[in-house]
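Have a look at the structure below, then the notes.
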Amino acid sequence: MSVPPLTASHALTQWQFTPALDLALVATFAVYAWGMVRVARRHPTNRWPWVRALAFTAGLAVVAVSVDSAIGVYDDTLFSDHMVQHLLLISVAPPLLVAGRPVLLLLHASRNPLHTWTKRVLRHPATTALTFPLVGAGLYTAVVVGTHLSSFMSLTLTHPLVHQGEHLLYLVAGYLFFLPVIGGEPIRWRLTFPAQFALLGYAMAVDAFTGVVLMETNYVMFPEYAAEPRTWGPSLIDDLHLGGATMWVGGDALMAVVLLVLVAQVMRGRRTMDNPRWLEQARVGALLGEQAGGGPHAPDVDEDDAALEAYNRHLAALEAREHRDHR
């Protein structure tokens, strides 16, 4: 399907709708909102933070924009536009979704048997292996390099279902990469700030390598973009180089933003390099029914709500004391 020239006006007015994706996004938002309501009813003095809800909602909105807006309309026409879409799906939406802490919200909001089932999934060896930081880093590398420096890109341009699956692949790869980097979800792995910094630096190197290779390529890597000749925009070679620059500069800039956020949190005293996330580990232990981070043992969900509410008040007191100590 031919598209009009990409102008400022068309960039705002060209939209498409993908029913399956849009329905999934709406359903995901509804479940998240349900969790917030449940937490508010069960723990009126310890409501779910709005900043997490805003982050999660923003992540869903980024996914919708990357596929339904002009970015999605032109992704089969311009490689550089395709690259913008990829960065949104792997480097912008995932950290926002992780920051929303949906798994933690599910544990707060659910009762048995869902609560127990969720804990079992989190404790399962497969989950532990899948969320291992090096697994996420390896998947990130395979996706970024493999989909841009191989014939896989041509496959997505000729097979719509593969193209749609690629969107999901980018989301999953980004989520698994940022999950241990940003932290906050009840998984086994807890990284110190130097380890977080190292992973972000590694991802920046992967983005830079991929971008430089594309910028230095002097032949048409993906001739499928010429299937529908256009009389506007950059040539295929110039478009390839622009896409490479987008990956290098844009990808590294997005990783730098995440790094700056982590640095700001350290400077505010919410994390330390000597004893990281002790309070967070206590919460995780509470929700999983385990001892963690030296914090007190929480009552299991099978015990009465009064005991659980008392434990939540105890954690709130610990957090207030920690805040005073850092002031």
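The values are calculated or read from the model by the stated rules, or taken from the named source; none is laboratory data. These numbers come from a predicted model, not from an experiment. All Cβ positions, glycine included, derive from the backbone under ideal geometry; neighbour counts span all protein chains shown.
Somewhere in region 31-54, is a residue in a helix (DSSP H, G or I) and under 23 Å from residue 160 (Cα atoms)? No, region 31-54 contains no residue that is in a helix (DSSP H, G or I) and under 23 Å from residue 160 (Cα atoms).
Annotation: residue 160 fulfils all but one of (1) closer than 30 Å to residue 256 by Cβ; (2) surrounded by fewer than 19 Cβ atoms within 10 Å (Cβ to Cβ); the unmet one is (1). In the set (1) part of a helix (DSSP H, G or I); (2) out of contact with any Asp or Glu (no Cβ under 6 Å at 6 or more places or on another chain); (3) crowded, with 16+ Cβ neighbours inside 10 Å, residue 191 fails one condition alone, (1). Over 17 Å from the mean Cα position of the chain (by Cα), among the β-branched types (Val, Ile, Thr) and modelled with pLDDT under 95 - does that describe any residue in region 176-191? Checking region 176-191: not a single residue is over 17 Å from the mean Cα position of the chain (by Cα), among the β-branched types (Val, Ile, Thr) and modelled with pLDDT under 95. Within region 79-113, if we keep just the residues that are among the β-branched types (Val, Ile, Thr) and under 8 Å from the mean Cα position of the chain (by Cα), the residue that is surrounded by the fewest Cβ atoms within 10 Å (Cβ to Cβ) turns out to be 92. Among the conditions (1) in contact (Cβ under 8 Å) with a residue 12 or more places away in the chain; (2) surrounded by 14 or more Cβ atoms within 10 Å (Cβ to Cβ); (3) farther than 30 Å from residue 236 by Cβ, the only one that residue 10 does not satisfy is (3). Looking only at region 198-213, decide whether some residue is at pLDDT 95 or above, among the β-branched types (Val, Ile, Thr) and surrounded by fewer than 17 Cβ atoms within 10 Å (Cβ to Cβ). Yes, because at least one residue in region 198-213 is at pLDDT 95 or above, among the β-branched types (Val, Ile, Thr) and surrounded by fewer than 17 Cβ atoms within 10 Å (Cβ to Cβ). If residue 50 satisfies all but one of (1) at pLDDT below 95; (2) in contact with a helix residue (DSSP H, G or I) (Cβ under 8 Å, 6 or more places away or on another chain), what's the number of the condition it fails? Only one criterion in (1) at pLDDT below 95; (2) in contact with a helix residue (DSSP H, G or I) (Cβ under 8 Å, 6 or more places away or on another chain) is unmet by residue 50, namely (2).
Checked against (1) part of a helix (DSSP H, G or I); (2) closer than 20 Å to residue 69 by Cα, residue 2 passes all but a single condition, namely (1).
Looking only at residues of region 35-57 that are surrounded by 12 or more Cβ atoms within 10 Å (Cβ to Cβ) and polar (S, T, N, Q), we find that the one that is farthest from residue 99 (Cα to Cα) is 46. Only residues that are within 20 Å of residue 114 (Cβ to Cβ), of a type in the set (Val, Ile, Thr) and under 19 Å from the mean Cα position of the chain (by Cα) were counted across region 26-58, and they come to 2. Of the helices (runs of 4 or more DSSP H) lying entirely inside region 115-167, those containing at least 2 residues that are in contact (Cβ under 8 Å) with a residue 12 or more places away in the chain and more than 23 Å from the chain's Cα centre (by Cα) span 152-158. So for region 87-109 (the condition being out of contact with any Asp or Glu (no Cβ under 9 Å at 6 or more places or on another chain), more than 22 Å from residue 180 (Cα to Cα) and in a helix (DSSP H, G or I)), does at least one residue qualify? Scanning region 87-109, I find at least one residue that is out of contact with any Asp or Glu (no Cβ under 9 Å at 6 or more places or on another chain), more than 22 Å from residue 180 (Cα to Cα) and in a helix (DSSP H, G or I), so the answer is yes.
Of all residues in region 223-245, those satisfying the criterion of being buried (at least 16 other Cβ atoms within 10 Å of the Cβ), closer than 18 Å to residue 2 by Cα and at pLDDT 90 or above are 236, 239. Here residue 170 fulfils each of the conditions (1) touching a His at 6+ places or on another chain (Cβ under 7 Å); (2) surrounded by fewer than 20 Cβ atoms within 10 Å (Cβ to Cβ); (3) not small (Gly, Ala, Ser) apart from (2).
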